[in-house]
Amino acid sequence: MTIKNIDKILDDLEKLHPNAKCELNHDSPFQLLIATILSAQSTDVKVNEVTKSLFKDYKNLNEFLNLDQETLISYIRSIGLYKNKSKNIINLCEILIDEYNGIVPDTMEELVKLPGVGRKTANVVLSNAFNIDGIAVDTHVFRVSKRIGIAKGDTVLKVEFELREKIKKSRWSKSHHVLIFHGRYICKSRKPECDKCNIKDYCDYYIQKN
Ligand code: SF4
């Protein structure tokens, strides 16, 4: 697939999903970091439900320092992997205070050292909180980019680096959002709604099936 075709695909997807953006509610880099950690193996809708009360009662890092694990769990119990997530968040808050003067770092190298933070979370925070180009590869981006044929890799890391190579840097962050929206609302996991899709002519999956 050529860069020109990929640009055309992204142009068309942007037209199909003009409101593609981060759907995790947050008011600060810190809140986005916490919300993104909570979103692993959960949905943004579910995360927004729990952070609505959590961020109302504990708005920022200083207030999070008053949380013990049990209290945090009482807010996030309905989210998957809540035990690990609560432990990581409590540790992360201490590290932010001890090593980063209470400020969320804005580099990939520093972010991925924090507990519970992998490249996906770091890319989400970098692009949405700091306007630094990045492509976070979640389950939707992974599936959709492979179906279309933009990426072939069998791990999220390989797919992230393929996308970084094939998509212009200036399009990375927006591409992340449109690929997520496409996977969430049209190119669904079990049954993609190809009849509603405007990139059929470029899609390997569609071409092979028809
Ligand atoms: S044509 Fe179907 S499989 Fe291909 S991107 Fe569109 S919805 Fe997904």
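The values are calculated or read from the model by the stated rules, or taken from the named source; none is laboratory data. Bear in mind that the values here come from a model prediction, so they are computed numbers and not experimental data. Cβ sites come from the backbone with ideal geometry, for glycine too, and all protein chains shown count toward neighbours. Accessible surface is based on the protein model in full, side chains and every heavy atom, while ligands, DNA and RNA are left aside. Shrake-Rupley method; radii C 1.70, N 1.55, O 1.52, S 1.80 Å.
Observations on the structure shown:
- For residue 27 and residue 201, a Förster radius of 45 Å and the Cβ-Cβ distance give a FRET efficiency of 0.60, rounded to the nearest 0.05.
- Residue 74/residue 112 FRET efficiency (R0 45 Å; Cβ-Cβ; nearest 0.05): 0.95
- Electrostatic bookkeeping for residue 19 treats Lys and Arg as +1 and Asp and Glu as -1; over the other residues with beta carbon under 13 Å from its beta carbon, the sum is +2.
- Helix axis angle, 44-57 relative to the chain longest principal axis, alpha carbon, degrees: 20 degrees
- Check: the stretch 54-103 dipole with +1 on Lys, Arg Cβ and -1 on Asp, Glu Cβ, in debye: 320 debye
- For the chain, the longest principal axis of the Cα atoms and the long axis of helix 172-185 meet at an angle of about 80 degrees.
- With all protein chains kept in place, the per residue accessible area of the chain amounts to 52 square angstrom at a probe of 1.4 angstrom.
- For peptides 173-181, 51-59, 132-140, sequence by mean Cβ density within 10 Å, most packed first: 173-181, 132-140, 51-59
- Using R0 = 25 Å, the C-beta based FRET efficiency linking residue 168 and residue 193 works out to 0.35.
- When +1 charges are put on Lys and Arg Cβ atoms and -1 charges on Asp and Glu Cβ atoms, the dipole computed for the stretch 29-130 relative to its Cα centre reaches about 460 debye.
- Computed accessible area, residue 27, all protein chains, 1.4 angstrom probe, square angstrom: 140 Å²
- The helix-based estimate of mean residue ellipticity at 222 nm for the chain, built from -39,500 (n - 2.57) per DSSP H run of four or more residues and divided by its residue count, is -18000 deg cm²/dmol to the nearest 500.
- Using a cut-off of 25 Å between Cα atoms, the listed pairs 15/46; 87/113; 46/158 include 15/46; 46/158 as exceeding that distance.
- Rolling a 1.4 angstrom probe over the stretch 29-130 with all protein chains present gives an accessible area of which 47% lies on carbon and sulfur atoms.
- The stretch 27-47 residues near the modelled residue 132 label - backbone nitrogen below 18 Å, point 7 Å along Cα→Cβ: 28-37
- Solvent-accessible surface ranking, highest first, for 77, 164 at 1.4 angstrom: 77, 164
- Angle in degrees between helix 3-16 and the longest Cα principal axis of the chain, rounded to the nearest 10: 70 degrees
- Peptide ranges 90-97, 185-192 listed from the most packed, as the mean C-beta count within 10 angstrom indicates: 90-97, 185-192
- A Cβ-based charge dipole, computed about the Cα centre of the chain with Lys and Arg at +1 and Asp and Glu at -1, lands at about 1020 debye.
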